[in-house]
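Structure first, then comments.
The values are calculated or read from the model by the stated rules, or taken from the named source; none is laboratory data. A quick note: this is a predicted structure, and the numbers were derived from the prediction, not measured. So basically every Cβ, Gly included, is an ideal-geometry build from the backbone, and we count neighbours across all protein chains shown.
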């Protein structure tokens, strides 16, 4: 069993519904969804090129997947996550847009957000004591030779290379794409997602995801609202 602390909108948010359709799986229920009808793309090629992000579900990583440390239980993690989320004020991302990270496409903020950077760093630090140390095999799977010095240090210190100053808020929507495929998918992604990312996106919860066994699809275990009860906004 592995756990991860991610951000994902509420289950009935229009962005969650659109993303579940695009990725072919609802990360809350775990149920498969039919690929959308997108002009210029076949349903089978959408399914093929979304296979990688489909396993993780629609999310942005805050605390990367980890195994619980010795002596730590799920109940302890849940209690701390509930308490910690309540200390954080909700905020809005003014706008998301289709962005490219290497050969991958996903959603990213249209402008940098200090609130997102602070949230990610706080989550990484707060829950590091719950994480079992990485094994040598896990470190090797991260291809440490391809990391910068800062990313390599993060991998050893925090269990993930892309944290702290290396953090980028990103919600993956495709596997690697190149050439004409990249251009076609970028155009189609914009046409499909623009209607649901035209306005602000509320960051009002921390999501605990679970992977029942290595290689299994991740799913939402629970959402933990941010902010004091009196200050929370409910959908």
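Of all residues in region 165-184, those that are in contact with a helix residue (DSSP H, G or I) (Cβ under 7 Å, 6 or more places away or on another chain) and part of a loop (DSSP other than H, G, I, E, B) total 6. Mind checking whether some residue in region 23-36 is touching a residue at least 24 places away in the same chain (Cβ under 8 Å), on the phi > 0 side of the Ramachandran plot and surrounded by fewer than 16 Cβ atoms within 10 Å (Cβ to Cβ)? Yes, region 23-36 has at least one match. Would a scan of region 165-179 turn up a residue that is over 27 Å from residue 50 (Cβ atoms), without any contact (Cβ under 8 Å) to a residue 60 or more places away in the chain and surrounded by 16 or more Cβ atoms within 10 Å (Cβ to Cβ)? The answer is no, given that none of the residues of region 165-179 is over 27 Å from residue 50 (Cβ atoms), without any contact (Cβ under 8 Å) to a residue 60 or more places away in the chain and surrounded by 16 or more Cβ atoms within 10 Å (Cβ to Cβ). Checking region 16-27 against the condition returns a match, with at least one residue being in a loop (DSSP other than H, G, I, E, B), closer than 30 Å to residue 157 by Cβ and in contact with a helix residue (DSSP H, G or I) (Cβ under 8 Å, 6 or more places away or on another chain). Condition first: under 21 Å from residue 119 (Cβ atoms), assigned to a strand (DSSP E or B) and at pLDDT 95 or above. Can you find one or more residues in region 54-61 that meet it? Looking for residues that are under 21 Å from residue 119 (Cβ atoms), assigned to a strand (DSSP E or B) and at pLDDT 95 or above, one finds at least one in region 54-61, hence yes. For beta carbons closer than 7 Å, sequence separation of 6+ or different chains, a first residue in region 211-235 that is crowded, with 17+ Cβ neighbours inside 10 Å and a second that is assigned to a helix (DSSP H, G or I) and modelled with pLDDT of 95 or more, the qualifying pairs are 218/55; 218/56; 224/81; 224/82; 224/85; 225/85; 226/85. Here residue 108 meets each of (1) modelled with pLDDT of 95 or more; (2) more than 28 Å from residue 213 (Cα to Cα); (3) assigned to a loop (DSSP other than H, G, I, E, B) with one exception, condition (3). The number of residues in region 77-98 that are farther than 16 Å from residue 7 by Cβ and assigned to a strand (DSSP E or B) comes to 2. Within this structure, residue 216 fails the test of being under 20 Å from residue 67 (Cα atoms) and assigned to a helix (DSSP H, G or I). Every listed requirement among (1) modelled with pLDDT under 95; (2) closer than 23 Å to residue 192 by Cα is met by residue 1 save one, (2).
Only residues that are within 21 Å of residue 2 (Cα to Cα) and either part of a loop (DSSP other than H, G, I, E, B) or out of contact with any strand residue (DSSP E or B) (no Cβ under 6 Å at 6 or more places or on another chain) (or both) were counted in region 131-164, giving 22.
Selection of first residues in region 73-85 that are within 14 Å of residue 126 (Cβ to Cβ) and of second residues that are modelled with pLDDT under 95 and in a helix (DSSP H, G or I), restricted to Cβ pairs under 7 Å at least 6 apart or on distinct chains, gives an empty result.
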